[in-house]
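Undergrad: Can you read through this structure? Questions will come right after.
The values are calculated or read from the model by the stated rules, or taken from the named source; none is laboratory data. What you see is a predicted model, and the numbers here were worked out from it, not measured in a lab. Ideal geometry is used to build each Cβ from the backbone, glycine not excepted, and the neighbour counts take in all protein chains shown.
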Amino acid sequence: SDALMLEGIEKVYNRGEPGEIEVLKGADVAIRAGEVVALVAPSGAGKSTLLHIAGLLDTPSAGRVMISGEDVSDLGDRRRTALRRSKIGFIYQFHHLLPEFTALENIVLPQLANGVTQSEARTRAEMLLDRVGVAPRAAHRPAELSGGEQQRVAFCRALANGPALLLADEPTGNLDPDTSDRVFDTLMQLVSETGLSALIATHNVALAERMDRVVKLDAGRIVTSK
Ligand code: ADP
Ligand code: ADP
């Protein structure tokens, strides 16, 4: 089954109020297992809204969301949270690491929240940091890491619970072009080694073209371009 299927997704903010805005008008996306898809759209088109809906952080005004073949549209909050923790990894433009915890701890914590033991969580965090080349910095806090290192740690955190689906919103958008290219290489390597399915929003056409497929969000709908 598809890792993610969004069907007829509509999203209206502030319905019936002065600020009413219809952002999504029937968006359809399907991501097969192991497929890495770029999501391209102009700013304000609704990329973040779509990713939040796909990641069960927000609900659509209409339409269906399926994760690994399970229709999650009508699940309660508790079940949605459990599913999000175990099946979905997020990466944002800014790392959003917890500043008072070390790189290692930032990767351990989501695993503890998911019921993994402390020692298993540490082992997995060390393995992930090693894969992205940041193992020597495991004991540093985010403020002591470079921008590229911070984002690599954020990748590890997103993969901490072995998700089936990775959602990323401009994952290297905050980095200078050289760092962005190197960090993006690491991300693509990690995704392909893991066999993960991913939906990655980016403005960067060169990066988008390195993925399996590019979809565009245009006037509230998905237009497939390749
Ligand atoms: P993108 O990520 O493509 O820049 P967003 O999904 O962030 O786009 O936003 C799409 C549109 O929806 C924008 O016009 C934005 O102002 C509006 N919007 C986003 N979130 C909200 C919200 N919580 N309430 C009202 N309007 C919102
Ligand atoms: P960048 O070239 O990505 O901008 P920085 O100049 O911020 O990187 O940092 C260069 C190196 O120094 C990085 O490996 C970073 O981890 C390390 N570093 C920066 N600030 C600190 C700090 N306060 N404590 C320890 N290491 C640091």
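Undergrad: Inspect all residues belonging to the range 115-130 and state whether any of them is in contact (Cβ under 8 Å) with a residue 40 or more places away in the chain, away from ligand 1 (no atom under 16 Å from the Cβ), in a helix (DSSP H, G or I) and under 25 Å from Leu207 (Cβ atoms). If you could, list the steps in order and put the result at the bottom.
TA: At the first step, the residues of the range 115-130 found to be in contact (Cβ under 8 Å) with a residue 40 or more places away in the chain are 116.
Going one step further and asking which of them are away from ligand 1 (no atom under 16 Å from the Cβ), we end up with 116.
Cutting the leftovers down to in a helix (DSSP H, G or I) gives us none.
No, the range 115-130 contains no residue that is in contact (Cβ under 8 Å) with a residue 40 or more places away in the chain, away from ligand 1 (no atom under 16 Å from the Cβ), in a helix (DSSP H, G or I) and under 25 Å from Leu207 (Cβ atoms).
Undergrad: State whether one or more residues within the range 167-175 are in contact with an Asp or Glu (Cβ under 9 Å, 6 or more places away or on another chain) and more than 10 Å from ligand 2 (Cβ to nearest atom).
TA: Yes, that holds for at least one residue.
Undergrad: Now, a different point. Restricting to the range 131-140, and then to whatever is more than 9 Å from ligand 2 (Cβ to nearest atom) and in a loop (DSSP other than H, G, I, E, B), can you tell me which residue is surrounded by the fewest Cβ atoms within 10 Å (Cβ to Cβ)?
TA: The extreme case among them is Ala139.
Undergrad: Quickly run through the range 117-144 and pick out the residues that are touching a Lys or Arg at 6+ places or on another chain (Cβ under 7 Å) and among the hydroxyl-bearing types (Ser, Thr, Tyr).
TA: none
Undergrad: Of all residues in the range 71-114, how many are among the hydrophobic types (A, V, I, L, M, F, W, C), part of a loop (DSSP other than H, G, I, E, B) and at pLDDT below 95?
TA: Residues in the range 71-114 being among the hydrophobic types (A, V, I, L, M, F, W, C), part of a loop (DSSP other than H, G, I, E, B) and at pLDDT below 95: 3 in total.
Undergrad: Select, from Ser48, Ser61, the only residue that is within 16 Å of ligand 1 (Cβ to nearest atom), buried (at least 19 other Cβ atoms within 10 Å of the Cβ) and small (Gly, Ala, Ser).
TA: Unique residue meeting the criteria: Ser48.
Undergrad: Give the residues of the range 141-171 that are touching a residue at least 40 places away in the same chain (Cβ under 8 Å), of a type in the set (S, T, N, Q) and not in a helix (DSSP H, G or I), sorted by residue number.
TA: Asn161
Undergrad: Filter the range 115-129 down to the residues that are of a type in the set (Gly, Ala, Ser) and either modelled with pLDDT of 95 or more or in contact with a Leu (Cβ under 7 Å, 6 or more places away or on another chain) (or both) and list them by number. Before you say what the answer is, go through the steps one by one.
TA: We begin by selecting, within the range 115-129, every residue of a type in the set (Gly, Ala, Ser); these are 115, 119, 121, 125.
Across the range 115-129, the qualifying residues are Ser119, Ala121, Ala125.
Undergrad: So, in the range 175-184, of the ones that are part of a helix (DSSP H, G or I) and surrounded by 13 or more Cβ atoms within 10 Å (Cβ to Cβ), which residue ends up farthest from ligand 1 (Cβ to nearest atom)?
TA: Arg182
Undergrad: List pairs: first in the range 30-56 and at positive phi and free of Cβ contacts under 8 Å to residues at least 40 places away in the same chain, second of a type in the set (A, V, I, L, M) and surrounded by fewer than 19 Cβ atoms within 10 Å (Cβ to Cβ), Cβ under 9 Å, 6+ apart or cross-chain?
TA: Note: pairs meeting the criteria are Leu56/Val72; Leu56/Leu75; Leu56/Leu83.
Undergrad: If you don't mind, there's one more thing I want to ask. Can we say Val183 is touching a helix residue (DSSP H, G or I) at 6+ places or on another chain (Cβ under 8 Å) and either touching a residue at least 40 places away in the same chain (Cβ under 8 Å) or at positive phi (or both)?
TA: Judged against the criteria, Val183 is not a match.
Undergrad: Next up: Among the listed residues Val40, Val23, which satisfies the condition of being touching a helix residue (DSSP H, G or I) at 6+ places or on another chain (Cβ under 6 Å), within 12 Å of ligand 1 (Cβ to nearest atom) and either modelled with pLDDT under 95 or closer than 30 Å to Leu145 by Cα (or both)? Walk me through how you get there before you give the answer.
TA: Working: Val23 fails: either modelled with pLDDT under 95 or closer than 30 Å to Leu145 by Cα (or both).
Residue meeting the stated conditions: Val40.
Undergrad: Go through the range 197-209 and give me each residue that's at pLDDT below 95 and either surrounded by fewer than 15 Cβ atoms within 10 Å (Cβ to Cβ) or over 12 Å from Leu39 (Cα atoms) (or both).
TA: His203, Val205, Ala206, Glu209
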